[in-house]
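Note sheet for the following structure.
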Amino acid sequence: MAKETKYVVIGGGIAGISAAEAIRKQDPEAKIRLFSREKLAPYSRMALTRYMAGEVDREKLPLHPQDWYLEKQVALEVDQPVVRVDPSKQELHLQDDRIVQYDKLVLATGADPFVPPFPGKDLESVIAVRTLEDADFVLDCCKQPIDVVCIGGGLLGLELAGAIAQGGARVTVIETFDWLLPRQLDPQGGRILQSKIEAMGMQVVTGGKTKAILGDEKGHVRGVQLEDGRELPAQLVLVSTGVRPNLDLAKTAGLAINKGILVDDRMASNDPLIFAAGDNTEHKGMLYGLWLPAKNQGSVAGTNAAGGDASFEGMAPSAMLKVLGIDLFSIGKISGDSQGEKVLQRTQAGNYCSYILQEGKLLGAILLGDAKLSGKVKKAMDSGRFFTEESNLEAFEQELKG
């Protein structure tokens, strides 16, 4: 009788769930255990801001209904942090002192919010939203109209700002760069987006560097002080200044690490029995920190852990803005800074588009205000399509549509 293979997945995000799905598809007889340090069954982090804005009901957040785990025979253990991995014995040590054996392991431990060491960062009502519990805390704080400062003008920071502003909060966004979304927009696009957000009633401070978070004598937040001396009133401060890969278990396992767990195209680590996927991984120098790459990486890791043959070749980072009601799509390069690159741009009726091309290949694009061509842009990027019209914007878009 064939030996039943024991697979363990650590992490309940989209990468971990995708790995478990792929393992079950590849190995119908496998024994699969999935450990999550959160108290709830795996849910969509990507939908948290839409939940906070009232656009998604709480019951729609789970990635799978509870019956799915029974049907697929995936043993889900929530609120079960793994504290150590011992590759020499192929075992995990849990926080409750249990020891679990594995034949193949997938690390999908994700990333944790990075909060700069501002004075006052530990005050009550200073929070980095990463979990559903965090989201509920913020919503509870915003039941009455209050002053809220969002430190960080990236995608998450803007979506959080938009979500709570819809509930009546008086919101100010602070971005260190001179324009919003510096990873997704060029300066011109960032300024246009800022004008749209300010038109909604929110305040935006660009080029703003936080000096300290101020508290009162009771330890409650009362404001944010900038390095230029300005003080912004706040009863709640949301910090959205990026994430850092969770590498604690990878370190205990002795895996090769740079900024993330180093993996090959099979999502295999330097240990042949351990695969990794999602925000904790570094693939060909890239840490994506995005939902779609994490999902694809999880599927590849699970397939290969179960003896299949799948490959992750990398992806052009892309992003869309939710919650604010502003159409935005950004992919690949956002500025033409190399010799031979051509930049086609248009600003019209408050909308903005920019395409970066080189030798007939589309390297990146920004669509702000009107993103109807986003699907065709992504398809062209993924396929490496060649364009003959790369000097005239209207002619290029006509070819793109064809």
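Of the whole protein surface, Thr347 contributes about 80 Å² of accessible area at a 1.4 Å probe radius.
With the charge dipole of segment 154-257 set up from +1 on Lys and Arg Cβ and -1 on Asp and Glu Cβ about the Cα centre, the Cα lying farthest toward the positive end among the listed residues Leu255, Val224, Gly242 is that of Leu255.
Take the Cα of Asn270, step 7 Å toward its Cβ, do the same at Glu313, and the gap between the two points is 2.8 nm. For the chain, modelled as a GNM whose springs connect Cα atoms under 10 angstrom apart, the maximal fluctuation among Lys259, Lys104, Lys379 occurs at Lys379. Among the listed values [x] 0.99; [y] 1.08; [z] 1.04, the one matching Rg/Rh (Cα atoms, Kirkwood Rh) as calculated from this structure is [x]. Run through the DSSP bridge list for segment 48-187 and note the antiparallel percent, rounded to the nearest 5. Here the share of antiparallel DSSP bridges comes out near 60 percent.
Here r is the Cβ-Cβ distance between Leu393 and Glu198 and R0 is 30 Å; the resulting FRET efficiency, rounded to 0.05, is 0.60. Rounded to the nearest 10 square angstrom, Leu76 shows an accessible area of 40 square angstrom against a 1.4 Å probe. Looking at segment 1-119, the DSSP beta bridges with both ends there are about 40 percent antiparallel.
Residues Met202, Met286, Met320, ordered by accessible area of protein heavy atoms at a 1.4 angstrom probe radius and largest first, appear as Met320, Met286, Met202. Rounded to the nearest 10 square angstrom, Glu77 shows an accessible area of 40 square angstrom against a 1.4 Å probe. Note on the chain: antiparallel DSSP beta bridges, both residues inside, total approximately 55 percent of the bridges counted.
The values are calculated or read from the model by the stated rules, or taken from the named source; none is laboratory data. Computed from a predicted model, the values in this text were never measured in an experiment. Positions of Cβ are generated from backbone atoms using ideal geometry, with glycine treated the same way; all protein chains shown enter the neighbour counts. All accessible areas refer to the heavy atoms of the entire protein, side chains included, with ligands and DNA or RNA removed. Shrake-Rupley method; radii C 1.70, N 1.55, O 1.52, S 1.80 Å.
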